[in-house]
C-alpha cells in the first residue's frame, strides 16, 4: 500500500514522567510513581502525508509531538528520521535536526516573543542555525512571509505581535516554522485558538504550504472535524496509547473502537436537524499516574465485556453514581453499611466491601444491579462471596488489548480479535 | 456519569418561582462603552432581545463582537470605566437603574452566572461545602445549617456529584466535575435566569457534550432561562431554542435555531455557518477581512466592507431591524425593507480589496 517512503518511523516509543511526590516521601525514598504520557506508540509518517493524532487532553498527543522534535525525552523506544535515531542524539545533533522538523504551537500569542518584531522572530531561527549575513537573512524572511500570505511584506516586517490579529500571528508562526526549509511540520492544535471564520484560512494556508513546499504534517488536535478534512491518516489516542489508526476515510466511515465511536457522536454539529439526544460515555479521562487495569477506556466504555479489566475503582464509581440518585436518608443508611470507600481506591481485582454485614451489603449491590442491569461492570464481576462484615467482590482478570488489524485499520480492543496475524501493528 | 434521575419532589422544590408567561429578561437598546485614550469603544451598541421562561438563547459571535460584554452587562458585572445605557428588565424590574444593594440581592438568587474557567472561579483553599454554604448564607442567612447542607447536596446530586465528595477541595475534581460544581453553585439558589459564558470551551470533546446535555436538561427540568454565550455554532444547534448572532456590537439576526440555521437571512450568519468546519465539510470557506474598529465603526452596516452582497445603501445608511421571514428579526438591506432604499441604493457596492493585511 505505501508508495512513498517512511519519513519518520516511531517504534514502541514511551515517554514517562516521574512524579515528585511529597517532601517526606522523597526523603524516605518512596517512589511517587510515573505518568506514562506516551506508552508504547509505534507509527510512521510517510513523505507528503498528513497524519492526525486525535484525542482529548491527557491522551499524550502533545507529548508525542514534542518527542518528535526531541523536546520531550524518550524513556524507551526509537524515533527514526532519515535513518538516524532521534532519541540517542546529542543536543547539537537535535538542533541540526530541527532544520528538518519544525513545530507550530497552539497559541500564537504565547509562541511569539512580544519584544521581537516579525522580522526578528522569523529571522532568529536562521541566526540560531548559523546564517551570519543579515542581508541573506532578510531575503529569506521576506520570502517566508510572502509564502504565508503576509504581503505586502513591508507592512509586517517591523510590527510587533501585539499589532497583529490572531490569524496574522499564526501566519508569522508558520513563517518561522518554514523559514529553515523543513520537511516535516508538527502542528499542535494550530487552529483551535482562532475564530471560526479564520480557522479555515489557516487550514487552507497549511494545505498550500504542503503543496508548494512538499511538506509532511503531524497534525495534533482534539477536533475531529478539522482532522477529517485535513488528514490522510488518523491515529485516535487515549491515555498514552493509540487505540485506533487507519486511513481517514475508513476511520470515519466505520469507526471500530468504542472510544472513536464516542468521539464521533460527541462532535458538535451545526445542523439542528441532526442534533439528537446522545448516548455519551460517562466520566472523564482517568489519572495517567494510576491508569485503569486492562483497557484504559473500559470504565467509560458502553460495550465493555468481562475481560476489559474491571477492578475496585470501578465499583467505587458505581457506588458513588448510585448515591447521586438516592435520597439523603437512603444514602446515610447505605453508606453506613458500605463504610469507607478508601479500600476501593486501588487497582485491585479482588476487594472487600462493607462493614454493616454481608446481607446488607449484598442487598445494596443487588439493588444497584436491578436498577441498571445493563451496567457493563456486572459483566466483569466473577463472584461475590460473604467476607466478615461485608462481601468480597472478585473480578475477571483483565486483558490489555494490543493494536490489531481489523478491516483495513488497526484497533486496540478485545472486541476485534486479530484478522491477519502476519500484519504488524502500527500501520 | 449517567444523568441522575430526579425525584419529583426534589424537582418541584428546585423550580424557580416563575410568575406569569411574560419574558424573564427583556433587553431594549442596551449599549455598553469602554473608555480608552483613543475614545469610547462601543462594545455593545443597541441590542434588544427577550428571553421567555425555560428558554435557552444562544448568543453566538466571534471574539470582540461584544457577546461577553453583553452577558456581563446584564449581570451588572462590568469593570469600572464601562458605561451602559438602555433598559434591561428582569420580570419588569429595571436592573440597570437599581441600587447596587438591590442588584447584589438579585445576583445569585435570581440571576446566576457560569464562567468559562471553573478553576479560576473556585477558591482553592475552601472545600466544596464552604463554597455552597457561603453562597446560600449570603442570600438566606437564617436558614438552619442542616437545610443549607441538604440544599447543597441536592444541587450536587442533580449534577451527578455524589455526596461523598462534599468535603473535597476543588483541586480534587476533574475539569468536567468542576464545571458541574459551578453549575450546581449557580443552581443552588434557584435563579430564574442564568448567563453561561463559554461554559464548555475549556473542556474536552466528550465532557463538553456531557455539559451541553446538562444545560439541555436545565430548561426542561427547571424552566430556568439561559443565555448561552459561545463561539461554537455546533453548541448552539444542540443546546438552544433561539439564537442571536452578534457582529461588531449588534445582534444582526435572531430567531429560532432551526429557522436561522436552515435559512440564514443575514449574510454574516450565512458566512459564519459556511466557514465552520464540521464533519460534513468538503471545502474550506472563510470570511475575508476583519471586524471593524469599534471606536470609529464604518457608517451604515458594519459588515458591509466584508459582505458578499453589499449594496450602495449599506455603506451609507444603518440597516433597519425588520421581521425575519420565517420569524425572528434581522437587520440587512438585502432582506428589506426595499421601499426605504434610496434610488440607486441597490447598486453593487464598490468594496476595497481585502488582503491578509486586514484579516482577523
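Can you tell me which residue in segment A:139-158 is farthest from residue A:123 (Cα to Cα), limited to those that are within 32 Å of the chain's Cα centre (by Cα) and in contact (Cβ under 8 Å) with a residue 40 or more places away in the chain? Taking the candidates together, the pick is A:149.
For the condition at pLDDT 95 or above, surrounded by fewer than 24 Cβ atoms within 10 Å (Cβ to Cβ) and within 12 Å of chain A (Cβ to nearest Cβ), residue B:256 qualifies. Among the residues in segment A:167-190, are any over 21 Å from residue A:50 (Cβ atoms), within 14 Å of chain B (Cβ to nearest Cβ) and in contact (Cβ under 8 Å) with a residue 40 or more places away in the chain? Yes, segment A:167-190 contains a residue that is over 21 Å from residue A:50 (Cβ atoms), within 14 Å of chain B (Cβ to nearest Cβ) and in contact (Cβ under 8 Å) with a residue 40 or more places away in the chain.
All conditions but one from (1) within 18 Å of residue B:42 (Cα to Cα); (2) in a loop (DSSP other than H, G, I, E, B); (3) within 14 Å of chain A (Cβ to nearest Cβ) apply to residue B:284; the one that does not is (1). Hey, does segment A:349-361 have a residue that's modelled with pLDDT of 90 or more and under 20 Å from residue A:282 (Cβ atoms)? No, there is no match, as no residue in segment A:349-361 is modelled with pLDDT of 90 or more and under 20 Å from residue A:282 (Cβ atoms).
Residue B:150 fulfils the conditions (1) part of a helix (DSSP H, G or I); (2) more than 29 Å from residue A:58 (Cα to Cα); (3) within 20 Å of the chain's Cα centre (by Cα) except for a single criterion, (3). Within segment B:93-125, the residues that satisfy the criterion of being out of contact with any helix residue (DSSP H, G or I) (no Cβ under 7 Å at 6 or more places or on another chain) and surrounded by 14 or more Cβ atoms within 10 Å (Cβ to Cβ) are B:96, B:98, B:103, B:104, B:105, B:106, B:110, B:116, B:117. All of (1) surrounded by fewer than 20 Cβ atoms within 10 Å (Cβ to Cβ); (2) within 9 Å of chain A (Cβ to nearest Cβ); (3) more than 22 Å from the chain's Cα centre (by Cα) hold for residue B:298 with one exception: (2). The single condition among (1) assigned by TED's automatic domain parsing to the domain that holds residue B:56; (2) touching a residue at least 60 places away in the same chain (Cβ under 8 Å) that residue B:294 does not satisfy is (1).
With respect to being within 14 Å of the chain's Cα centre (by Cα), away from every other protein chain (no Cβ under 12 Å), buried (at least 21 other Cβ atoms within 10 Å of the Cβ) and in contact (Cβ under 8 Å) with a residue 60 or more places away in the chain, residue B:250 fits the description.
Inspect segment B:109-123 for any residue being free of Cβ contacts under 8 Å to residues at least 24 places away in the same chain and not in a loop (DSSP other than H, G, I, E, B) and give the result as yes or no. Yes: one or more hits.
Scan segment B:135-144 for residues that are farther than 14 Å from residue B:155 by Cα and surrounded by 13 or more Cβ atoms within 10 Å (Cβ to Cβ) and the total you get is 5. Scan segment B:191-202 and tell me whether some residue there is under 12 Å from the mean Cα position of the chain (by Cα), within 12 Å of another protein chain (Cβ to nearest Cβ) and at negative phi. Looking for residues that are under 12 Å from the mean Cα position of the chain (by Cα), within 12 Å of another protein chain (Cβ to nearest Cβ) and at negative phi, one finds none in segment B:191-202, hence no.
The values are calculated or read from the model by the stated rules, or taken from the named source; none is laboratory data. Small disclaimer: the values here were computed from a predicted structure and weren't measured. Positions of Cβ are generated from backbone atoms using ideal geometry, with glycine treated the same way; all protein chains shown enter the neighbour counts.
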